[in-house]
Amino acid sequence: MKRKRLGIAILALIIVVGAIYFITPRHGNEIENHQPGSMEVDAEEHSTQDQEPIEISADAVELTNEEWQDIVLRALDCADMEAELSITPENEMTITGDLPKDTITGWLNEADEDSKGMYSSILSILPESLPTSLTCTIGCEDGKVQLTGKSMSVADIEVPMDVLDGVWSSVNENLNNSLQEKTSSINSVSVQDGMIVLEP
């Protein structure tokens, strides 16, 4: 309980700093050149000449960048977020963009009642979205995709990942419910020729 309260207190401090960040005039915008719905693959994947492409089975399902990003953002409860999504060859996925304030409130909904009142009043003075970068790993277990949080920053300030401990269960449930419409079982996820490949 003390650790959870500490995490919420740290998040509250981050939100206050985020408010200052937005009130202070800035000379540049980190995502002004960003293309909504775009996805990048780490350049190292293309520079490794000895790396042979993984053979895709006949039962595999291929998703476009836009399809995958739409499914992931809906699972994270931020479908309207204008985001840039990238995946490394090690299956680390980073989502960068302006995260809606309502989504942050939803993610923190598992906090105790005292903390809810604290961050609700702080969030009320902030803009409707905050520049956010979220990195998670993509894995598979028991035929389902599993996202696991690795790091998160809001307004360039690191957020303790234990604050989001209660989020991933529902995120993965939402994600797999959507993927069930494409295939009934997934044992690996990879990027091939710009497509997201789900192998049963």
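The values are calculated or read from the model by the stated rules, or taken from the named source; none is laboratory data. These numbers were taken from a predicted model, which means no experiment stands behind them. Reconstructed Cβ throughout: ideal geometry from the backbone, glycine too, with neighbour counts over all protein chains shown.
If you go through the range 56-72, how many residues are assigned to a loop (DSSP other than H, G, I, E, B), crowded, with 16+ Cβ neighbours inside 10 Å and at pLDDT 90 or above?
Here the count works out to 0.
Residue pairs, Cβ under 7 Å, 6 or more apart or interchain, first in the range 156-176 and more than 13 Å from N109 (Cβ to Cβ) and touching a residue at least 60 places away in the same chain (Cβ under 8 Å), second charged (D, E, K, R) and in a helix (DSSP H, G or I). List them.
Partner pairs satisfying both residue conditions: D162/R3; N174/R74.
Kindly indicate the residue of the range 73-97 that is farther than 18 Å from P131 by Cα and surrounded by 21 or more Cβ atoms within 10 Å (Cβ to Cβ) and also modelled with the lowest pLDDT among those meeting that condition.
I87
Would you mention how many residues in the range 177-194 are within 18 Å of E90 (Cα to Cα), touching a residue at least 60 places away in the same chain (Cβ under 8 Å) and of a type in the set (S, T, N, Q)?
The total comes to 2.
Is it true that some residue in the range 150-167 is closer than 19 Å to M93 by Cα and of a type in the set (K, R)?
Yes, the conditions are met somewhere in the range 150-167.
Kindly indicate which of P131, P53 is at pLDDT 90 or above and more than 21 Å from L179 (Cα to Cα). Full working, then the answer.
Working: P53 fails: at pLDDT 90 or above.
Being at pLDDT 90 or above and more than 21 Å from L179 (Cα to Cα) holds for just one of P131, P53, which is P131.
Step by step: first the residues of the range 134-159, then only those that are modelled with pLDDT under 85 and touching a Leu at 6+ places or on another chain (Cβ under 9 Å), then the one that is surrounded by the fewest Cβ atoms within 10 Å (Cβ to Cβ). Which residue is that?
Checking each candidate, the answer is I157.
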